[in-house]
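*Asks:* There's a structure below that I have some questions on.
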Amino acid sequence: MKSQPIWLYVSQEKIYPRATSGLFAKWRWAMVIVTQWVFYGLPWINLHDRQAVLFNLEARRFYVFNLVLYPQDFIFLTMLLVICALSLFAVTAVAGRVWCGYACPQTVYSKIFLWIEHHIEGDRHHRIKLDKQPWSLFKAQRKVLKHTLWLALSIFTGFTFVGYFIPIRELYFDISTGALGAWGLFWIAFYSFATYGNAGFMREQVCKYMCPYARFQSSMFDKDTLIVAYDQRRGEPRGARSKQADLKALAIGDCVDCTLCVQVCPTGIDIRKGLQYECIGCAACIDACDSIMDKMGYPKGLVHYSAQSLKKAFRGRVIVYAGLIGIVATALFTGLALREPIRADVIRDRGSLAREVENGFIENTYRVQLMNTTEQPQEVFISTEPDSGVEVTSKTLIALGAAQGLWVPVSLVVAPGRLKPGSNPIYINFSHHQRSVKEKTMFYVPRNAGN
Ligand code: SF4
Ligand code: SF4
């Protein structure tokens, strides 16, 4: 007998999700509207005469509403990310993949793109039919219109995304005057292309094959995690029947085998086969099945969210996640509350290590980066420790604008014989009102000084 070849590669079949309505569809749309209002609107909000949320990489300054963070404050951003990650773990342990189903950008943009596709090419069976048809003027018009709208939305999304890193009003002005540089254009094109490709073409494949969260979230699941489930005992044996059929006489379950739950699934799976890693917990199959149950006059919930998870929300692993979130959040807020209004970085001037000035005094020069971490202008007084013998000979009072960073040259001198030859540890003080920041550095005295 001739053996059949086993193909290791199977090309992906295109999924045509059918439109659905119902309680969970409303929730999904509510999340689309909320997340997109926040995403597209936030960069246009101004606070203290600057963009309220801006990660200005060029100026090396991050603004998050009233907070101004410098690269030295990276620890706070890290803590914020850790809190977000732990929150996602906690939500996953309790509510499964609700993030994936309702709020993940991949899901949200796929839904918006599908909505456009649905309004131009029609629902599932129309789209399947259109794709199978040979090219015609009608088909070309539908496709051109769809891709034009997809591209316009993708470009707007790319522009908005870059607007979180380059002040968005400047970005808009530069684009409208043709003054935007190559890097700005590149990043807008990059994020536009990513949106167009991921939401228009890759869709469920991103969730299935590319998303790392989809891969490791199963380790956060336990028997009490909220999942979308099919009630096998109630539904089986499945089969078509009339509305008036006597189920007991036919010995069949409530599933009419309409396959609507499969047709609406954005990842193309059949929830009746049990929990599968492709399921993003979007509940489209619940809405679809509930509509059939309604039509048949059966109770809803043949496909449902497993409910015991919410009753057991406060269980071991969730309490551990909540505890860790509490610890990191406390550290973050304490750190922010104790953060000095002034930051100073002292760098020795490598060009001139030390030089002898008037009366045999030794001078060292430094470059100091002063940063105002507040939104109010400040004056900083530069001094040294009173008993160190080191004096400041450069300008001692420095004015800093709101959230301004400034490089300041600082010259220090010491009397001959006051410090030993070689490197001497010293402190430079940066005082602002009653508070003072002390920075350690080295004062170098040449071995032949005073000869
Ligand atoms: S099986 Fe249901 S909940 Fe899971 S992805 Fe498909 S439609 Fe969404
Ligand atoms: S939608 Fe409900 S009734 Fe229809 S096939 Fe799916 S589980 Fe069965």
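The values are calculated or read from the model by the stated rules, or taken from the named source; none is laboratory data. Because the structure is a prediction, the values reported are computed rather than measured. Methodologically, a virtual Cβ is constructed for each residue, glycine included, from the backbone with ideal geometry; neighbour enumeration extends over all protein chains shown.
*Asks:* Being of a type in the set (A, V, I, L, M, F, W, C) and either more than 38 Å from the chain's Cα centre (by Cα) or surrounded by fewer than 16 Cβ atoms within 10 Å (Cβ to Cβ) (or both) is the filter here; which residues of the stretch 399-415 pass it?
*Replies:* Once the filter is applied, which keeps residues that are of a type in the set (A, V, I, L, M, F, W, C) and either more than 38 Å from the chain's Cα centre (by Cα) or surrounded by fewer than 16 Cβ atoms within 10 Å (Cβ to Cβ) (or both), the stretch 399-415 yields 399, 402, 406, 407, 410, 412, 413, 414, 415.
*Asks:* Looking only at the stretch 52-96, filter to residues that are part of a loop (DSSP other than H, G, I, E, B) and out of contact with any strand residue (DSSP E or B) (no Cβ under 9 Å at 6 or more places or on another chain); which one of those is surrounded by the most Cβ atoms within 10 Å (Cβ to Cβ)?
*Replies:* Here is the first cut: in the stretch 52-96, the ones part of a loop (DSSP other than H, G, I, E, B) are 52, 57-60, 65-66, 70, 96.
Next, from what is left, pick out any that are out of contact with any strand residue (DSSP E or B) (no Cβ under 9 Å at 6 or more places or on another chain): 57-58.
Values: 57: 11, 58: 9.
Top of the filtered list is 57.
*Asks:* While we're on this one: Looking only at the stretch 277-297, which residues are in a loop (DSSP other than H, G, I, E, B) and buried (at least 18 other Cβ atoms within 10 Å of the Cβ)? Break it down stepwise before answering.
*Replies:* Taking the stretch 277-297 and keeping what is in a loop (DSSP other than H, G, I, E, B), we get 277-283, 297.
If the condition is that a residue be in a loop (DSSP other than H, G, I, E, B) and buried (at least 18 other Cβ atoms within 10 Å of the Cβ), then 279, 280, 281, 282, 283 are the ones that fit.
*Asks:* Is there any pair linking a residue in the stretch 105-128 that is among the small types (Gly, Ala, Ser) to one that is not in a helix (DSSP H, G or I), with Cβ under 6 Å and at least six apart or on different chains, and which?
*Replies:* 110/203
*Asks:* Considering only the stretch 249-297, how many residues are within 8 Å of ligand 2 (Cβ to nearest atom) and under 18 Å from residue 225 (Cβ atoms)?
*Replies:* Matching residues across the stretch 249-297 total 2.
*Asks:* Take the residues in the stretch 357-390 that are surrounded by 15 or more Cβ atoms within 10 Å (Cβ to Cβ) and acidic (Asp, Glu), then tell me which one is nearest to residue 426 (Cα to Cα).
*Replies:* Checked the stretch 357-390; the qualifying residue nearest to residue 426 (Cα to Cα) is 363.
*Asks:* Being assigned to a helix (DSSP H, G or I), modelled with pLDDT under 95 and not hydroxyl-bearing (Ser, Thr, Tyr) narrows it down to one of 262, 320, 328, so name that one.
*Replies:* Residue meeting the stated conditions: 320.
*Asks:* Can you tell me which residues in the stretch 416-451 are within 45 Å of the chain's Cα centre (by Cα) and part of a loop (DSSP other than H, G, I, E, B)?
*Replies:* Matches in the stretch 416-451: 433, 434.
*Asks:* Tally the residues that are of a type in the set (Ser, Thr, Tyr) and not in a helix (DSSP H, G or I), restricting the search to the stretch 215-259.
*Replies:* Of the residues in that region, 4 qualify.
*Asks:* Just for the stretch 424-446: of the residues that are at pLDDT below 90 and polar (S, T, N, Q), which one is nearest to residue 57 (Cα to Cα)?
*Replies:* 436
*Asks:* In addition: Check residue 268 against each of (1) at pLDDT below 95; (2) more than 16 Å from ligand 1 (Cβ to nearest atom) and name the one condition it does not meet.
*Replies:* (2)
*Asks:* Quick check: is even one residue across the stretch 218-240 touching a Cys at 6+ places or on another chain (Cβ under 9 Å), within 14 Å of ligand 1 (Cβ to nearest atom) and within 25 Å of residue 13 (Cα to Cα)?
*Replies:* yes
*Asks:* Taking the stretch 29-74 only, how many residues are more than 19 Å from the chain's Cα centre (by Cα) and closer than 30 Å to residue 287 by Cβ?
*Replies:* Counting residues in the stretch 29-74 that are more than 19 Å from the chain's Cα centre (by Cα) and closer than 30 Å to residue 287 by Cβ gives 2.
*Asks:* Follow-up. Check off (1) buried (at least 16 other Cβ atoms within 10 Å of the Cβ); (2) hydroxyl-bearing (Ser, Thr, Tyr); (3) under 27 Å from residue 71 (Cβ atoms) for residue 334 and give me the number that stays unchecked.
*Replies:* Single failed check for residue 334: (1).
*Asks:* A follow-up question, please. Determine whether residue 346 is farther than 30 Å from residue 228 by Cα and outside any helix (DSSP H, G or I).
*Replies:* Judged against the criteria, residue 346 is a match.
*Asks:* Residues that are among the β-branched types (Val, Ile, Thr), in contact with a Pro (Cβ under 7 Å, 6 or more places away or on another chain) and in contact (Cβ under 8 Å) with a residue 24 or more places away in the chain: does the stretch 366-386 have at least one?
*Replies:* Looking for residues that are among the β-branched types (Val, Ile, Thr), in contact with a Pro (Cβ under 7 Å, 6 or more places away or on another chain) and in contact (Cβ under 8 Å) with a residue 24 or more places away in the chain, one finds at least one in the stretch 366-386, hence yes.
*Asks:* Then there is this: Return the residues of the stretch 175-234 that are touching a Lys or Arg at 6+ places or on another chain (Cβ under 7 Å) and of a type in the set (Phe, Trp, Tyr); say none if nothing qualifies.
*Replies:* Hit for the stretch 175-234 is 230, nothing else.
*Asks:* Can you tell me how many residues in the stretch 127-140 are in contact with a helix residue (DSSP H, G or I) (Cβ under 9 Å, 6 or more places away or on another chain) and outside any loop (DSSP other than H, G, I, E, B)?
*Replies:* Within the stretch 127-140, residues that are in contact with a helix residue (DSSP H, G or I) (Cβ under 9 Å, 6 or more places away or on another chain) and outside any loop (DSSP other than H, G, I, E, B) number 5.
*Asks:* Quick check, is residue 243 more than 16 Å from ligand 1 (Cβ to nearest atom) and without any contact (Cβ under 8 Å) to a residue 40 or more places away in the chain?
*Replies:* Judged against the criteria, residue 243 is not a match.
*Asks:* Which condition number in (1) touching a Phe, Trp or Tyr at 6+ places or on another chain (Cβ under 6 Å); (2) modelled with pLDDT under 95 is the one that residue 303 fails?
*Replies:* So the condition that residue 303 fails would be (2).
*Asks:* Evaluate the following for residue 276: is it within 16 Å of ligand 1 (Cβ to nearest atom), of a type outside the set (A, V, I, L, M, F, W, C) and over 25 Å from residue 21 (Cβ atoms)?
*Replies:* Spelling it out, it is not the case that residue 276 is within 16 Å of ligand 1 (Cβ to nearest atom), of a type outside the set (A, V, I, L, M, F, W, C) and over 25 Å from residue 21 (Cβ atoms).
*Asks:* Within the stretch 113-167, count every residue that is under 30 Å from residue 58 (Cβ atoms) and of a type in the set (Gly, Ala, Ser).
*Replies:* Residues in the stretch 113-167 being under 30 Å from residue 58 (Cβ atoms) and of a type in the set (Gly, Ala, Ser): 4 in total.
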